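The values are calculated or read from the model by the stated rules, or taken from the named source; none is laboratory data. Every value quoted in this text rests on a predicted model; they were computed, and no experiment measured them. Glycine gets a Cβ as well: all are built from the backbone with ideal geometry, and neighbour counts include every protein chain shown. Calculation scope for accessible area: heavy atoms of the full protein, side chains included, ligands and nucleic acids excluded. Shrake-Rupley method; radii C 1.70, N 1.55, O 1.52, S 1.80 Å.
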Amino acid sequence: MSYILTTECKDDIGLIAKITSLCHEHDLNITRNNEFVDKEGQRFFMRTELTGTPSNNFLTQLRQSLPTGAKLNLYGQERTKVVLLATKEAHCLGGVLLKQYEQAFNIEVQAVIANYDTLEPLVKGFGIPFHLVSHEGLSRAEHDSAMADLIAQYDPDIVGLAKYMRILTPEFVSRFDGKIINIHHSFLPAFIGAKPYHQAFERGVKIIGATAHFVNDELDEGPIIAQNITQVSHAQNAEEMAKIGRDIEKTVFCNALQLACEHKLFINGNKTVVFS
């Protein structure tokens, strides 16, 4: 059996030795290991790929040997459960559904929830449950509450905002703290608000890009997971830039979900630790 062990704790002397020694005691073979120390924050992060059969008290013993408050997780081959939120744009949503169909990464899209029914045919074509939760006639808080209650029924590991074009309330964000991944149509920090590619065109930019990040209470200010860019020139108008940008958004969003399902992401304050 293959497993992934993730460790996050206060930095201390001999942490790697303690973890690897205990793995040896439990007849667990380490096939790959990545570690990082945030020297300023004094935080230790480690991702370890293992083969073998860990005993029931493995994590308990490991926790006892590490600094108080250590965060430990041991993952098997189970798929990462994802609920996707969408509005009307299909490119990011379709990219994820196609990758799941091709079994290109280890996720299970449990459902797609949208505030318009535009994408229902696409979703049902992949055999995924589709839920419409219209925002019409509801306050932002009421709509977010209805969305959150529906999401909670699935108990997902990740809530992916596949171009979900609504600002989330703090109550919604706190309910799924550390689980919400958004794709932003810009190489942050950059053009925010409406029509970012038109803003970019008006400024004559030479690169455009996209950013995937965790969501917090500050609009588009959450910890960044992945980014990508491409060069553009004066010859491209705003619509052409938007078309190019959509391809980047799809790639970056799928990359972020890939990192999540491979348990390579750690939130570290307002930054992330991302192992390759």
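A few comments on the model shown:
- The stretch 44-53, subset open to solvent by 20 Å² or more (accessible area, probe 1.4 Å) and in a strand (DSSP E or B), residue nearest to Glu8 (Cα to Cα): Glu49
- Residues satisfying the stated conditions in the stretch 164-184, i.e. open to solvent by 20 Å² or more (accessible area, probe 1.4 Å) and in contact with a Cys (Cβ under 7 Å, 6 or more places away or on another chain): none
- Any hit, the stretch 210-226, residues being within 23 Å of the chain's Cα centre (by Cα), over 30 Å from Leu72 (Cβ atoms) and free of Cβ contacts under 8 Å to residues at least 40 places away in the same chain: yes
- Extreme residue, most open to solvent (accessible area, probe 1.4 Å), among residues of the stretch 210-221 that are at pLDDT 90 or above and either farther than 18 Å from Ala260 by Cα or in a loop (DSSP other than H, G, I, E, B) (or both): Asn216
For every residue, the table says whether it meets (1) touching a strand residue (DSSP E or B) at 6+ places or on another chain (Cβ under 7 Å); (2) without any contact (Cβ under 8 Å) to a residue 12 or more places away in the chain.
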| site | (1), (2) |
| --- | --- |
| Asp38 | yes, no |
| Leu50 | yes, no |
| Thr53 | no, no |
| Ala70 | yes, no |
| Ala90 | no, no |
| Glu102 | no, yes |
| Ile107 | yes, no |
| Val112 | yes, no |
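- Among the residues examined, Gly41 does not qualify as closer than 29 Å to Lys250 by Cα, outside any strand (DSSP E or B) and not acidic (Asp, Glu).
- Matching strands (runs of 3 or more DSSP E) fully within the stretch 54-163 where at least 3 residues are open to solvent by 20 Å² or more (accessible area, probe 1.4 Å): 71-75, 130-132
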